[in-house]
1. Determine which member of the set Q111, Q107, Q38, Q43 is more than 12 Å from ligand 1 (Cβ to nearest atom) and either exposed (fewer than 14 other Cβ atoms within 10 Å of the Cβ) or on the phi < 0 side of the Ramachandran plot (or both).
2. Considering only the stretch 52-67, I want to know if a residue exists there that is in a loop (DSSP other than H, G, I, E, B), more than 16 Å from R125 (Cβ to Cβ) and at pLDDT 90 or above.
3. Out of everything in the stretch 78-88 that is within 13 Å of ligand 2 (Cβ to nearest atom) and basic (K, R), what residue ends up being modelled with the lowest pLDDT?
4. Answer yes or no: is there a residue in the stretch 89-107 that is more than 15 Å from ligand 2 (Cβ to nearest atom), in a helix (DSSP H, G or I) and modelled with pLDDT of 90 or more.
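The values are calculated or read from the model by the stated rules, or taken from the named source; none is laboratory data. No experiment lies behind these values; they were computed from the predicted model shown. Ideal geometry is used to build each Cβ from the backbone, glycine not excepted, and the neighbour counts take in all protein chains shown.
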Amino acid sequence: MISSGDLFVFTGISTMQARIPGLGYDRIWQRGYACPVQGCGLQSVRDVTDLKRHWREKHEEIIAKFHCSACSYVSKRKSNVFQHFRLRHNGNMLGNSSESVGKVEYQHNKQFIDPYPLTLESVLRYKD
Ligand SMILES: [Zn+2]
Ligand SMILES: [Zn+2]
């Protein structure tokens, strides 16, 4: 179970200032380089999309799961639920995506590797 207190802490970390004193540039990710999180072990990240996906899987402590409001479909990505809903349930509601997402569940990430002191924002800010 995740208390609201935990979620608050999580939000605080993700909005932390990007500037990290004493952090060497070897820890800053660039296209094609390894994930900058110590102990992660991912050797090469193709691009920003790849890094964001990887970050969500390994370096976010809380994973959100979005449920379709009309069936048992579940996805980690809200956009997948939108797409699913359009295709499966109602092609006429193209513009009204807010009705497609039902329950949102928060789960502890079992694969979590603490990226501290890095955040996705800090890593992306220093790229190139
Ligand atoms: Zn990583
Ligand atoms: Zn559905």
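1. Testing whether each residue is more than 12 Å from ligand 1 (Cβ to nearest atom) and either exposed (fewer than 14 other Cβ atoms within 10 Å of the Cβ) or on the phi < 0 side of the Ramachandran plot (or both) leaves just Q107.
2. yes
3. Here the answer is R86.
4. no
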